[in-house]
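Asker: Quick one: structure below, then a few questions.
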Amino acid sequence: MKITYTLSKNDYLATQEFILDYSKQFKKQLRMQRNLILGIFFITLALLLQLTAKSGWQLTWVTTFLTILALALFVSLFFLKKMTKKMVLRKLENNGDMHPELFTLTRKIELGNKQIKTRMGTNPPTTAQWSMVQKVIIKPDFILYFINDSQANLLYCPSMNLSNTDYEELKQFIYSHLPDERINEIKEKASEK
């Protein structure tokens, strides 16, 4: 099965967001940031308690500042994933703006019985064996396959303009080459942006 397409900027950004949602590396990075913030929070809280105890429980400008800092750190934990994701996507969008050729190059995907070949423009093709694919995530708008925690590639996006028959054929091809436990099909439609 061969697919030729040009990737739109919206599909590029949506694909990158989709990859972030399912990337173990991104989740690991968030956990590390959360632990760092919690560490700073508890150190600040300990300093705050020590200063207020030494000053006879009177609030000074230092203890007030540390209280505000501790509260800000604690609140930031609740929005950490959203803020980090937004920063990464902004960086990817800037990368797309700096390299507009990403959205004009012809891309090709060739699915064979033993491997997946992808090519962008005149670059040499990259090849992945079906046995190397750790998981495939199928959504109505996108199909991605993950080689490892940090490397994901696109198998389907709206820019490809596949007919419903071709889309179903692509899904059947994937199901015939991978065991069901490596395929995660998400039924709901992605929200419009």
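Computed from the coordinates by the stated procedures, all read-outs in this text should not be read as laboratory data. The shown structure was predicted, so the numbers you read here are calculated from the model rather than taken from an experiment. Because the Cβ atoms are built from the backbone with ideal geometry, glycine has one as well, and the counts that use them run over all protein chains shown.
Asker: Label-point separation (nm) for Arg182 and Arg90, each offset 7 Å from Cα along Cα-to-Cβ?
Answerer: Result: 3.8 nm between the two label points.
Asker: Another one. Taking GluC sites (Glu not before Pro) that fall in a DSSP loop and have at most 15 other Cβ atoms within 10 Å as cut points, what is the longest piece of the chain between them?
Answerer: 1-187
Asker: Provide the FRET efficiency to the nearest 0.05 for the Asp97-Lys2 pair, computing r from the beta carbons and using R0 = 35 Å.
Answerer: Details: r = 30 Å, r/R0 = 0.87.
Efficiency, from the Cβ-Cβ distance: 0.70.
Asker: Taking 7 Å along the Cα-to-C-beta vector as the label spot, tell me the Lys28-Lys108 distance in nanometres, rounded to one decimal.
Answerer: 3.5
Asker: Continuing with the same structure: Run the reach check for Lys85 against aspartates and glutamates, Cα to Cα strictly under 19 Å, same-chain hits fewer than 8 apart removed. What comes back?
Answerer: Leaving aside aspartates and glutamates fewer than 8 places away in the same chain, those within reach of Lys85 are Asp11, Glu17, Asp21, Glu93, Asp97, Asp149, Glu192.
Asker: Another question about this same structure. With helices defined as uninterrupted DSSP H runs, which ones in the chain have an alpha carbon span along their own long axis of at least 24 Å and mean Kyte-Doolittle hydropathy of at least -1.0?
Answerer: In the chain, the long hydrophobic H runs are 24-54, 61-78, 80-98.
Asker: Could you give the length gained by full extension between Phe65 and Leu13, i.e. 0.36 nm per residue of separation minus their alpha carbon distance, to one decimal place? Please list the in-between numbers first.
Answerer: Working: separation 52, 0.36 × 52 = 18.72 nm, distance 3.90 nm.
Result for the pair: 14.8 nm of gain on full extension.
Asker: As an exercise, use a Förster radius of 45 Å and the Cβ-Cβ distance of Thr165 and Asn123 to find the FRET efficiency, rounded to the nearest 0.05.
Answerer: Given R0 = 45 Å and the Cβ-Cβ separation, E is 0.90.
Asker: Quick one: order Lys82, Lys24 by neighbouring beta-carbon count within 10 Å, fewest to most.
Answerer: Listed from fewest to most nearby Cβ atoms, that is Lys82, Lys24.
Asker: To continue, here is another question. As a test of the formula, what do you get for the chain when each DSSP H run with n ≥ 4 contributes -39,500 (n - 2.57) and the sum is divided by the residue count, at 222 nm and rounded to the nearest 500 deg cm²/dmol?
Answerer: That calculation yields -17000 deg cm²/dmol at 222 nm.
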